[in-house]
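Some notes on the structure that comes next.
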Amino acid sequence: MLEVSDLRLAFGGVRAVDGLTFQVGANEIVSVIGPNGAGKTSAFNCVTGFYRPTGGRITLNGTDITGRRPSLIAARGLSRTFQNLRVFGDLSVLDNVRAGTHLWLRQRVFDVLLHTPRYRRSEQEATDEAHKWLDFVGLRGDRAGLVRNLPYGEQRRVEIARALARRPSLLLLDEPAAGLNHSEKAELLGLIQRIRDLGIAIALIEHDMGLVMEVSDRIVVLDYGKEIADGTPAEVRDNPAVIEAYLGREAGPEETEEVRGARTD
Ligand SMILES: Nc1ncnc2c1ncn2[C@@H]1O[C@H](COP(=O)(O)OP(=O)(O)OP(=O)(O)O)[C@@H](O)[C@H]1O
Ligand SMILES: [Mg+2]
């Protein structure tokens, strides 16, 4: 579904992404992990068209999307959420999610201006679809209220619902667990699995190792822009280069054990 090969991105002298290669197959959950500043978000920004890569190639469902515009890439089935939550705070919960449907909802100017029955039907379709996704992400409560009045964890769900309303084949989540409490993280884990069960592939950036180890089919590890490991959760957890990247050069065996057990922050 998604193939990233030898992706490179430089900001002046900083090589934010330095030769990243990974794939996400249909129905797979692939996580991209690595220390702060490793280049994870930069890589996602290349994949989604927000940054133009300095090198490498990205294909989505067989089509080369390298350097294409975000709108085109979204139309080809890729949807995302952001590390720094992006919702329309001054719109209602419902309208935030309805906004996602405009990617596929065909509305003609004529119908919109004249409020024809066809226009009203398509608006109803958008509303029904938005309710469906809000149900799916488990957002109960008032959907007519402004998003900014919701608790943070619920705003995160609205963002995911909006991404799903675009009907993607691949969903990129950038640190969806950040700022969530323990029970919200557990719900997020279930939500990610249910999204995959719909047949949507997922690429996940996440620092919460408990979540990553539980949910991922495969994990790609970045350090200073370079890919240092790619494998199953068990392979990655036991990979000395990964342990070193997280703990620094002096890491001894005891600390290694500790990080395995304790990294659930
Ligand atoms: N717009 C930018 N301009 C210049 N440098 C940037 C820009 N965005 C990111 N960088 C640099 O690129 C490197 C990778 O940053 P990136 O945000 O991709 O890391 P990350 O792995 O997502 O980190 P975190 O876990 O903290 O979110 C860092 O050195 C960062 O300072
Ligand atoms: Mg990031």
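The values are calculated or read from the model by the stated rules, or taken from the named source; none is laboratory data. Predicted, not measured: the structure shown is a model, and the values here were computed from it. Because the Cβ atoms are built from the backbone with ideal geometry, glycine has one as well, and the counts that use them run over all protein chains shown. Ligands, DNA and RNA are excluded from the accessible area calculation, which covers all protein heavy atoms including side chains. Shrake-Rupley method; radii C 1.70, N 1.55, O 1.52, S 1.80 Å.
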Revision key, fill the gap. Going through the stretch 212-233 in order, the residues found to be at pLDDT 95 or above and among the hydroxyl-bearing types (S, T, Y) are S216, T232
Practice item. Would you check if there is a residue in the stretch 39-59 being away from ligand 1 (no atom under 14 Å from the Cβ), within 23 Å of I200 (Cα to Cα) and touching a residue at least 60 places away in the same chain (Cβ under 8 Å)? Key: no
**Study point:** Among (1) near ligand 1 (Cβ under 8 Å from one of its atoms); (2) under 22 Å from L171 (Cβ atoms); (3) among the hydrophobic types (A, V, I, L, M, F, W, C), the one test that A26 misses
**Key:** (1)
Point to revise | Selection count where residues are in a strand (DSSP E or B), within 13 Å of ligand 2 (Cβ to nearest atom) and more than 15 Å from the chain's Cα centre (by Cα), scope the stretch 10-39 | key: 2
Point to revise | Output for the stretch 186-201, where each listed residue is surrounded by 19 or more Cβ atoms within 10 Å (Cβ to Cβ) and touching a Ser or Thr at 6+ places or on another chain (Cβ under 9 Å) | key: I200, A201
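Do the conditions hold for L9, that is, is it among the aliphatic types (A, V, I, L, M) and either surrounded by fewer than 16 Cβ atoms within 10 Å (Cβ to Cβ) or more than 11 Å from ligand 1 (Cβ to nearest atom) (or both)?
So L9 fails the test.
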**Study point:** Failed item in (1) open to solvent by 50 Å² or more (accessible area, probe 1.4 Å); (2) within 16 Å of ligand 2 (Cβ to nearest atom); (3) closer than 21 Å to M1 by Cα, with R80 passing the rest
**Key:** (1)
Check your understanding: In the stretch 219-231, how many residues are out of contact with any Phe, Trp or Tyr (no Cβ under 8 Å at 6 or more places or on another chain) and either within 14 Å of I205 (Cβ to Cβ) or not aliphatic (A, V, I, L, M) (or both)?
Key -> 8
Practice item. Determine the pairs where a residue that is among the hydrophobic types (A, V, I, L, M, F, W, C), located within the stretch 85-113, has a partner that is not in a helix (DSSP H, G or I) with Cβ atoms under 6 Å apart, the partner being 6 or more residues away or on another chain. Key: V93/R143; L94/R143; L103/R166; W104/R167
